[in-house]
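Written below as structure tokens is the structure these notes are about.
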Amino acid sequence: MDLKIQLYSKFSKIYIMDTLLLLLGLFCMFGGIIGSFVPILPGPPLSWLGLLLLYFTDAVPMNYWALGFTLVVSIIMVILDYVIPAKGTKRYGGSSYGIWGTNIGLIVGIFVPIPFGFVIGAFVGALVGELIYNSSDHKRALKAATGSFIGFLASTFMNVTVCLMFLGMFFVIVWNHREGLF
């Protein structure tokens, strides 16, 4: 009888820990998708953390190749997240003021109670940043703000795509190991 209680006790601890890791991983996955839009949260690295937490469960065997590949993709996305908007701004004749304006506009736009405030905030922030840099050339400021905005949209699209692929991978792994997890 005492052995049954010990086995049940160990099983329930493992089950609770696996469930907690699964839920935290899922939370990180959705946080990564949100982080693709919000500049405060790192989208792909947060989604990668969700995959890592899933592999820490007892039901899912560790796959170092999958984790290594997705880690490299996450690192590349973090680098591109800074490079793409800067290249878009530079290509359209902008300055670092436009890039900083885009980032500040994104953050301010999150708190504006209008739909897609962060998108509008990114464009307005880039425009204001460029006007601070050179207030006499409005046409150049508008062109540079457009470049910064296009760079932001391209970077966001790529981040969302990677995070959705990681989420799909998460669900496939959970589905393949559902007997051990549920």
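Here, each number is a calculation from the coordinates, and none is a lab measurement. For clarity, every value in this text was computed on a predicted model and none was experimentally measured. Here the Cβ is made from the backbone with ideal geometry for all residues, glycine too, and neighbour counts use every protein chain on show.
What FRET efficiency do you get for Leu142 and Ile40 if R0 is 22 Å and r is their Cβ-Cβ distance, rounded to the nearest 0.05? Computed FRET efficiency for Leu142 and Ile40: 0.20.
Between Ser135 and Arg91, the modelled labels are 3.1 nm apart [label points 7 Å from Cα along Cα→Cβ]. 3J(HN,Hα) along the range 132-137: 5, 5, 8, 6, 8, 10 Hz, from the Karplus curve 6.51 cos²θ - 1.76 cosθ + 1.60 with θ = phi - 60°, whole Hz, x for Gly and Pro. In this label model, Leu153 and Phe30 are separated by 2.8 nm, measuring between points 7 Å along each Cα→Cβ vector. The Rg/Rh ratio of the range 2-181, with both radii computed over alpha carbons and Rh defined as the Kirkwood radius, is 1.18.
The coefficient of translational diffusion for the range 112-156, derived via Stokes-Einstein from the alpha carbon Kirkwood radius under 25 °C and 0.890 mPa s, stands at 229 µm²/s. Counting only alpha carbon atoms, the long axis of helix 96-110 and the longest principal axis of the chain meet at about 50°.
Placing unit charges on the Cβ atoms of the charged side chains and taking the dipole of the chain about its Cα centre, the candidate lying farthest along the positive direction among Phe56, Ile76, Ala145 is Ala145. Using the Cβ-Cβ distance between Arg178 and Ile79 with R0 set to 35 Å, the FRET efficiency from 1/(1 + (r/R0)^6) comes to roughly 0.50. Between Gly168, Asn103, Tyr15, the Cα set farthest toward the positive side of the dipole of the chain (charges on each charged residue's Cβ, about the Cα centre) is that of Asn103.
Helix 64-91 and the longest principal axis of the Cα set of the chain meet at an angle near 10°.
With 0.36 nm allotted per residue and the present C-alpha distance subtracted, the Val108-Tyr15 stretch has 29.2 nm of extension available.
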